[in-house]
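Presented below is the structure to which this report refers.
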Amino acid sequence: MEILDIFSKKEIIMAKKSMSTMTLLELIGFILAAVGFFCPLTKGKIFGSNGGSGLNFIKNLFDSSKGNTFQEIMALLILVFAVLGIVVILAKLDSIIGLVSAIGGIACGVLFYLKSIGVFDSGLSKTLIKGANKVGKAVAEPYIGIYLLCIGFILALVGALLAKKK
């Protein structure tokens, strides 16, 4: 009987502990990134999406007539890392997985963007000039999805780095 009383008291104490501020910031970041993935990314035609969401790229991954699978895989990984970060925090799993999820989401986003401006396809100087033109267009017409993805993963990374983990 005494063991049950101790166990009950321990559960009550654990239930009273709330999520730290940085862990909450990390969770909010991952949620923003996941929501941003489903929102329109741009107002105009960039990344070949005509303002579509990240789901357009995942849909193209399963369409055999589309040839650019690298970007589609990166888009899928961005979503996977955002959802993994949410699950890790809510399930209170190892904290290093949350940090890896934030870094992985940012890395996949950067690789996705570099592929979209053609860095992996041609000479570097030619690519940088083309990329600068595309960056100008992208900065001129980003939409809510791009903002939420960037802000979300940055908040998640800051939260993961500053959270006091056990």
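The values are calculated or read from the model by the stated rules, or taken from the named source; none is laboratory data. These numbers come from a predicted model, not from an experiment. Virtual Cβ from ideal backbone geometry, glycine too; neighbours counted across all protein chains shown. Note: accessible area is taken over every heavy atom of the protein model, side chains too, but ligands, DNA and RNA are not part of it. Shrake-Rupley method; radii C 1.70, N 1.55, O 1.52, S 1.80 Å.
One table, with the values for the structure above:
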read-out: Residue match in the stretch 40-51 (condition: crowded, with 19+ Cβ neighbours inside 10 Å and modelled with pLDDT of 65 or more); value: yes
read-out: Which numbered condition Phe30 fails, given (1) open to solvent by less than 50 Å² (accessible area, probe 1.4 Å); (2) at pLDDT below 90; (3) touching a helix residue (DSSP H, G or I) at 6+ places or on another chain (Cβ under 7 Å); value: (2)
read-out: Count of the stretch 80-89 residues which are open to solvent by 30 Å² or more (accessible area, probe 1.4 Å) and closer than 13 Å to Phe38 by Cα; value: 2
read-out: Residue check, Ile129 modelled with pLDDT under 80 and either assigned to a helix (DSSP H, G or I) or over 30 Å from Ala160 (Cα atoms) (or both); value: yes
